[in-house]
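This report concerns only the one structure given below.
The values are calculated or read from the model by the stated rules, or taken from the named source; none is laboratory data. Small disclaimer: the values here were computed from a predicted structure and weren't measured. Cβ sites come from the backbone with ideal geometry, for glycine too, and all protein chains shown count toward neighbours.
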There are 2 protein chains.
Amino acid sequence: MSKKLTKRAEDYSKWYNELVVKADLAENSAVRGCMVIKPYGFAIWEKMQAELDRMFKETGHENAYFPLFVPKSLFEAEEKNAEGFAKECAVVTHYRLQNDPENEGKLRVDPEAKLEEELVVRPTSEAIIWNTYKGWIQSYRDLPLLINQWANVVRWEMRTRLFLRTAEFLWQEGHTAHATKIEAVAEAKQMQDVYAQFAENFMAMPVIKGVKSDSERFAGAEDTYTIEALMQDGKALQAGTSHFLGQNFAKAFDVKYTSKEGKQEHVWATSWGVSTRLIGGLIMTHSDDNGLVLPPKLAPIQVVIVPIYKNDEQLDAITERVNSITKDLRKIGISVKFDNRDTFRPGAKFAEYELKGVPVRIALGSRDLENGTLEVARRDTLEKNTINIDEAVTYIQDLLMDIQNNLFDKAISFRKEHTTEVNDFKEFKKALKNTGGFISAHWDGTEETEDRIKEYTKATIRCIPNDAENEPGVCVLTGNPSTRRVLFAKAY
Amino acid sequence: MSKKLTKRAEDYSKWYNELVVKADLAENSAVRGCMVIKPYGFAIWEKMQAELDRMFKETGHENAYFPLFVPKSLFEAEEKNAEGFAKECAVVTHYRLQNDPENEGKLRVDPEAKLEEELVVRPTSEAIIWNTYKGWIQSYRDLPLLINQWANVVRWEMRTRLFLRTAEFLWQEGHTAHATKIEAVAEAKQMQDVYAQFAENFMAMPVIKGVKSDSERFAGAEDTYTIEALMQDGKALQAGTSHFLGQNFAKAFDVKYTSKEGKQEHVWATSWGVSTRLIGGLIMTHSDDNGLVLPPKLAPIQVVIVPIYKNDEQLDAITERVNSITKDLRKIGISVKFDNRDTFRPGAKFAEYELKGVPVRIALGSRDLENGTLEVARRDTLEKNTINIDEAVTYIQDLLMDIQNNLFDKAISFRKEHTTEVNDFKEFKKALKNTGGFISAHWDGTEETEDRIKEYTKATIRCIPNDAENEPGVCVLTGNPSTRRVLFAKAY
C-alpha cells in the first residue's frame, strides 16, 4: 500500500482523515462537503443497516419512504424545528436547465422554470412525515404508528469531515405516533436502548445513555435521549439520538385521533436516528497506528487467508486445503476471503489487510501443509499463533468472539481512565487538559452556566446520565446548588 | 375495507390508481409528483431489493454511495446525457433560509446564500460517478470496476403516476468500467439477463429482451438493452434497461488506464438500472378486479391465517393449533401472519387480504379443529380447498410454488394472445385497435418512419428483440426493405 499512516499521537485528526481514505472507506467528492462512500466503507454500513433493521423490526417497526423534498410552507410549520434547521437547508428553486445563450455548450438555470414554492431538501423528515400522518391517523385503532425510513438527508454544514459531519449523509429516521405521553416516552427510551445495545454489542463501542440539556436538545423536541461514546483522543461523539417530541408536531400539523371514549386528542410523537457518522465512531474507538481495527460482527471480511507459495503446484495444494476450511467456516456464518492474487506478494497483502482491519488473517504455506498447521494472526493485538489445522474452525470461531469482547473491554477501560469526577472549576480544567474525556461535575442547571463553561473550555454537557444518582453538590462554576452530576466533554 | 374497486374493463387507469391507494402501497404526497411509499408497498420493494442485490453480488458487483448533487459543470460534461436530462432537473441554488421580513413566522430563501455553482439533484449518476472513477482507475489492474448504488433520483416529470412515473423515485444504478469494448458489451448484456431472470422468476412477469432503436436510447449510450413487459391493458412497460456507454463518459471525464502493454486507453462503460416502477409492472401484470395479486416470491406476507371463533376458549384452542403450523411453515422460510385482531370480523379480514393480494389464506374454525382440517384459499384463482391439517405444510409449500408458476403461465398466455404479426399498416392499426399488445412488424430502420408511426398510432418501437430472426420483408409504413421484425406497442 501507499505511504505510512500518520501516528495518532502526532496528529489524531490527520490520522483519521488519512485512515478513512487509505483504508478505502470514503473520500471527498466534487460536491462541497459531500462524500463518496467507497465499497469497503459501504459494506460496513450495510452490515450496520442489516442489524439495526432487524432490531427495528423486532420492536414492531415497519419501513416506508417519504419524499426527499419538503415544501417551504410545511417546513416552517413547526417553528422551533424550522428555526433549528433553516440555516443549513439546501433549497431547490428551479426545475429545468437550458442552453446558456452566453456560453456555448454550457447550461444555465431556466429562469422560466422557477418553482411556485421552493422545496427544501430534507435535513430531517418530521415535517413531510407529520403532514402525511394527518391522513393516516383518525382513531385510536391507528395507533401506535411505528415507522422507520432509511434515507439520505442534507444539512449544509460549513465545516465537514468524512463520516463525522458531511453535507449529505445516510441515516435512518424513525417517526412514531402514540395515543399517550407515557407510550411515546417509553418508545423514545426503548429506541435509545436499541441504539445502546447496537453500539455495545455490534460496534463494541461503549456508550453512556442520558438525556440532553435544554440547549443541546433537538429542535422541536421536548426531550432528547442520547448515546454518547468516547473517542481515543478524549473527545465525545454523540452517536445516536431519540427524541420525545411531545405534541409539537401533532399540533403544528393538526394530527388528532378519536380515543376509545370518543374524544378528539392530539397524538404524541417520537423520532430517532443514527447515521453514517457511526462509521466515524467505529474507526475512532478501535483503530490504531497500523490502520483500521474492525469488530468481527461488523467486518465485511472476518477472515482472510493468504497463501505462501513458490510455484503453481504448491498453490494448488494450498488451495485444496483452503477450500475445505473456507467451506467449514462459511457453514457457520463466518465470511472468508481467499486472496490468491498473484499480482501482490504476501507481505503486501498482510499490510493491506492490517490497514483494512480484517479481524483474523491466516497464512498457509507448504511447510504448514506438511505439518498440518496454520498461522493465525489477530488484528486487535497483532498476536500470531500457529495452530493445528484440525482445530482451525473452532479456534477461529472462538477467536472472533474473543476479539469482539477484547475490543469492547479495551474501550471500556479507556473510558474509565478518561472519566474524571471533579468538584471545582480548577479540577475541571485540569482534568480536561490532562486526560480529556468525560468530566463528571455538578452544574447549576442554567443555560448561562453551560454557555460560560463552553466558552472557557470548549466542553459541553454531553448528557445527564440516565443512571446519575441524586447527590447534593455545588456547581463547579457558580457554586450554586446542584442535585446531581452531569457529563461534560469536548465533542465532535 | 372501503368502497369497491373500479373494474379493469371500466377504466383500467382508474382501477390502477385506486388499487395502489386502497391496497396501502403508496399515495401522493404534498410535493408535486412525489409519492409516499407506504409500509406494505415498501415491503415489496425490500423483497425486490434483497433478490436483486443478491444477484448483483453474485455477478461480482459491490455497492457504494455517491453524492445526491451534481455540480452543473460536471452535469454538462457529457453533452448528450446533459441534453437528455436538462429539461427535467431539480436545481439547488441556495443553501440557507432566513426569516421573511415581509411575512412574520415565514421563511424565505436567503439571497446572500446563493451557491457559486448550481447543483443538479441527480436524475442519474453517470456524471458524478465518472468524475470519481477518474481517481480510481489508473491501470488495467483496477479494471473491471463493478459498482452498484441504491439511491433516490429526481426527474421533474410533468405527468406523474404512482410508481410508474414519479418526480422522485428509488432505484439502483450499476456503473461499470472495463478495459475492452467486448467486456463492456458483455456486461451490459449480462445485466439485461439478470433483469430478465428477476422479472420472470420472481415477479412472474414475462419480458422480451431486446435493444432500443436510436430514438429510444438512453441519452449518452451507444446501445440500450431493455426488458419489455406487457400489461393487462395491452400497453408495454419498459421494466429495466442496461446501457453500453462506449467511451462517451470516459472521454467526457478523461478516464484512462494503462494497459498491460503500457498504453494509455480510455475505458469502456456500462450503466444499468431498475426502479420502483417495477412495482407498477407487478401490479398491472397480475392483479384483478378484487385487488392485488402478488407472486409468492415477492409477497411480504405469503400466508395469512384467520381464526373463526365465537369465544375465547375456541380462540385459545385455535391459537394453539395455529402456532404449531406457523412454526413449521416459518422453519421452511414461509412468511405467515396470524390475524387474531378482535376488532374485525373474519369477512372483513378476508376482504382485506384479498385486496392486498396475500397468496394463501387459511381459515381455521372450531369445526376444523374437530375434523382435523383447514380451509385453504388461493388468491390467484380464488379457489378454496379443505385439507387435512397433517398435510398442511407440504400442501402450502406446493401451493405457493403452483401460484408462482400459474401467474407466470397466465401472463405468458396473455402476451401470446396479445402479440400480433402484421404485414401492412392496415393490419398494424387493426391489431393495435383490436387486441393492443405487441405488434411484430417490419420497419425500414429510419427515425422518420418511427416518428410517423408514433404520430399516427401512438405506438413506439419497444425493442428489436434479441431473438429476432433475419427475415427479409418490407416496412409496414413505407414499403422500404427491412431485414427483420421489430416490436411496436403503446407504452407506459
> Which of the residues spanning the range B:111-137 are more than 9 Å from chain A (Cβ to nearest Cβ) and either hydroxyl-bearing (S, T, Y) or within 28 Å of the chain's Cα centre (by Cα) (or both)?
Replying inline: B:R122, B:P123, B:T124, B:S125, B:E126, B:A127, B:W130, B:Y133
> Which of the residues spanning the range A:213-242 are at pLDDT 95 or above and charged (D, E, K, R)?
Replying inline: A:E222, A:D223, A:E228, A:D233, A:K235
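Scan the range B:265-275 and give yes if some residue there is without any contact (Cβ under 8 Å) to a residue 24 or more places away in the chain and of a type outside the set (F, W, Y), otherwise no.
Yes: the range B:265-275 contains one or more residues that are without any contact (Cβ under 8 Å) to a residue 24 or more places away in the chain and of a type outside the set (F, W, Y).
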> Would you say B:A411 is surrounded by 14 or more Cβ atoms within 10 Å (Cβ to Cβ), within 26 Å of the chain's Cα centre (by Cα) and either over 30 Å from B:I283 (Cβ atoms) or at pLDDT below 95 (or both)?
Replying inline: no
> Among B:K235, B:K263, B:K209, which is over 21 Å from B:P465 (Cα atoms) and not hydrophobic (A, V, I, L, M, F, W, C)?
Replying inline: B:K263
>> Every residue in the range B:354-384 that is part of a helix (DSSP H, G or I) and either under 20 Å from B:A204 (Cα atoms) or not hydroxyl-bearing (S, T, Y) (or both), please.
In response: B:E354, B:L355, B:R367, B:D368, B:L369, B:E370, B:N371
>> Looking only at the range B:271-304, how many residues end up being in contact with a His (Cβ under 6 Å, 6 or more places away or on another chain) and over 13 Å from B:R379 (Cβ atoms)?
In response: 1
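A quick yes/no check of all residues on (1) more than 22 Å from B:D223 (Cβ to Cβ); (2) surrounded by fewer than 19 Cβ atoms within 10 Å (Cβ to Cβ); (3) assigned by TED's automatic domain parsing to the domain that holds B:G240:
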site: B:L107; (1), (2), (3): yes, no, no
site: B:D110; (1), (2), (3): yes, yes, no
site: B:I128; (1), (2), (3): yes, no, yes
site: B:Q172; (1), (2), (3): no, no, yes
site: B:E187; (1), (2), (3): no, no, yes
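Please verify whether A:L170 is under 25 Å from A:G33 (Cβ atoms) and not in a loop (DSSP other than H, G, I, E, B), treating the condition exactly as stated.
yes
Conditions tested, residue by residue: (1) touching a strand residue (DSSP E or B) at 6+ places or on another chain (Cβ under 8 Å); (2) on the phi < 0 side of the Ramachandran plot; (3) free of Cβ contacts under 8 Å to residues at least 24 places away in the same chain.
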{"site": "A:E417", "(1), (2), (3)": "no, yes, yes"}
{"site": "A:N423", "(1), (2), (3)": "yes, yes, no"}
{"site": "A:S440", "(1), (2), (3)": "yes, yes, no"}
{"site": "A:E448", "(1), (2), (3)": "no, yes, yes"}
{"site": "A:I453", "(1), (2), (3)": "yes, yes, no"}
{"site": "A:Y456", "(1), (2), (3)": "no, yes, no"}
{"site": "A:T460", "(1), (2), (3)": "yes, yes, no"}
{"site": "A:P465", "(1), (2), (3)": "yes, yes, no"}
> Pick from B:E450, B:E421, B:E417, B:E427: which is among the acidic types (D, E) and surrounded by 21 or more Cβ atoms within 10 Å (Cβ to Cβ)?
Replying inline: B:E450
> Out of all the residues in the range A:331-339, is one or more assigned to a helix (DSSP H, G or I) and in contact with a strand residue (DSSP E or B) (Cβ under 6 Å, 6 or more places away or on another chain)?
Replying inline: no
> In the range B:21-32, how many are more than 8 Å from chain A (Cβ to nearest Cβ) and surrounded by fewer than 22 Cβ atoms within 10 Å (Cβ to Cβ)?
Replying inline: 5
> In this structure, is B:Y309 touching a Gly at 6+ places or on another chain (Cβ under 8 Å) and either free of Cβ contacts under 8 Å to residues at least 12 places away in the same chain or not charged (D, E, K, R) (or both)?
Replying inline: yes
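Listed here are the residues, each with its yes/no results for (1) surrounded by fewer than 24 Cβ atoms within 10 Å (Cβ to Cβ); (2) of a type in the set (S, T, N, Q); (3) outside any helix (DSSP H, G or I).
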site	(1), (2), (3)
B:S242	no, yes, yes
B:E265	yes, no, yes
B:I283	no, no, no
B:L294	no, no, yes
> A:F42 fails exactly one of the following numbered conditions: (1) within 24 Å of B:K72 (Cβ to Cβ); (2) in contact with a strand residue (DSSP E or B) (Cβ under 6 Å, 6 or more places away or on another chain); (3) not β-branched (V, I, T). What is the number of that condition?
Replying inline: (1)
> Which residue, of A:T160, A:T176, A:T224, is surrounded by fewer than 20 Cβ atoms within 10 Å (Cβ to Cβ) and either touching a Ser or Thr at 6+ places or on another chain (Cβ under 7 Å) or among the hydrophobic types (A, V, I, L, M, F, W, C) (or both)?
Replying inline: A:T160
> If we scan the range A:305-328, do we find a residue that is assigned by TED's automatic domain parsing to the domain that holds A:I147, assigned to a strand (DSSP E or B), surrounded by 19 or more Cβ atoms within 10 Å (Cβ to Cβ) and on the phi < 0 side of the Ramachandran plot?
Replying inline: no
> Just checking, which of A:T241, A:T276, A:T270, A:T224 is outside the structural domain of A:K454 (by TED's automatic domain parsing), farther than 30 Å from A:E417 by Cβ and among the polar types (S, T, N, Q)?
Replying inline: A:T270
> Which of the residues that make up the range A:143-165 are at the interface with another protein chain (Cβ under 9 Å from one of its Cβ atoms) and not in a strand (DSSP E or B)?
Replying inline: A:W156
